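J.: There's a structure below that I have some questions on.
None of the figures in this text is laboratory data; all of them are computed from the coordinates on show. None of these values were measured; they are calculated from a predicted model. A quick note on method: Cβ atoms are made from the backbone with ideal geometry, for glycine too, and the neighbour counts reach across all protein chains shown.
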Amino acid sequence: MEGLLERPDWLGPLKKDLFDYLDSSLAHERKVLSAMKFATLLHDVGKPSTFAFREGRPRFIGHDKEGAAIAKKIALRLKLSGREVSFIETLVRHHMRPGLLAAQGEASPKAIYRFFRDTKADGVAVLLLSLADRLSAQGPAVTPLDNEKNFSLVSRMLEDFFRAPEKVCPAPLLNGKEVMEILEIKSGPQVGKILQELVEAQVQGVLDEKEEAIAWLKRR
């Protein structure tokens, strides 16, 4: 992590935004950077309990989710604030996601939206942790192309977060009340599901105007 932050040239014009984010207070005047370093220390804590040999090689399937539960317990035992506990748990739980997106090729607008939907502003720290984790990997299976893919994805997602917030947290074209009135349905889980579909259609460029959203809603 230190090495990554000591070579901020890859960030370009986002350097100040990122360092302001890391220097911001998370809780009780403790900085985001400090909590991120602690989460980095714990990010693979779930590996021992998920270790298994499969297809002739060691695997740690589910270590991110297992690690998140363990990290939360550790943070609570240390009497960290609720905000710090949530932050650390989020980083450990989601640290694999950016690397998986990079491995799949160009991440879709929907995938990027869903990432930030699940991680909120903590997603910035998740991206940094994931990149540092990937760059620290060693062995013949690690190629310069893999590293370039991860750099490219993280840079793009950070740019979306800091420069194009409408991509990561768009203002919905319709609200729940409007959805219920248009479809003549009552409040319930279905409304939330429909709103989620609407927002995902927005970030993919399918819907741009309120009238389009209404027409889309009536057609579904």
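J.: Quick one: Karplus J couplings for the range 89-94, per residue in order, coefficients 6.51, -1.76, 1.60, θ = phi - 60°, nearest Hz, x for Gly and Pro?
T.: For the range 89-94, the Karplus-derived couplings read 4, 4, 5, 5, 5, 10 Hz, x marking Gly and Pro.
J.: Separate question: Along the positive direction of the dipole of the chain (beta-carbon charges: Lys, Arg +1; Asp, Glu -1; about the Cα centre), which of A75, V168, S136 reaches farthest?
T.: It is A75.
J.: While we're looking at this one, here's another question. About its Cα centre, how strong a charge dipole does the range 176-219 have in debye, to the nearest 20, once Lys and Arg get +1 and Asp and Glu get -1 at the Cβ?
T.: Dipole size: approximately 240 debye.
J.: Next question. Show which lysines lie in cross-link reach of K177 when reach means a straight Cα distance below 19 angstrom and same-chain residues fewer than eight apart are skipped.
T.: K186, K193, K210, K218
J.: Report the normalised scattering of the chain as log10 I(q)/I(0) at q = 0.10, 0.16, 0.18 Å⁻¹, calculated by the Debye formula with identical scatterers on the alpha carbons.
T.: For the chain, the Cα-only Debye profile gives -0.55, -1.14, -1.28.
J.: Mean separation of Cα pairs under 8 Å and 6+ residues apart, divided by the residue count of the chain: what relative contact order is that in percent?
T.: Over the chain, the number comes to 16 percent.
J.: May I pose another question? Step through the residues of the range 119-135 one at a time and calculate ³J(HN,Hα) from phi using the Karplus curve (6.51 cos²θ - 1.76 cosθ + 1.60, θ = phi - 60°), rounding each to whole Hz and writing x for Gly and Pro.
T.: Along the range 119-135, the couplings run 10, 6, 5, 5, x, 4, 5, 4, 4, 5, 4, 4, 5, 4, 5, 5, 6 Hz.
J.: Still on this structure, I have one more. Explain nothing, just the number: dipole magnitude of the range 2-168 about its Cα centre with +1 on each Lys and Arg Cβ and -1 on each Asp and Glu Cβ, in debye rounded to the nearest 20.
T.: 580 debye
J.: Follow-up question, since we're still on this one. Cα centroids of the range 80-133 and the range 4-48: how far apart, whole angstrom?
T.: Cα centroid of the range 80-133 versus Cα centroid of the range 4-48: 12 Å apart.
J.: Counting other Cβ atoms within 10 Å, keep those with at most 10, restrict to DSSP loop, and tell me which GluC sites (Glu not before Pro) in the range 1-69 are left.
T.: Loop-located and lightly packed - E6, E29, E55.
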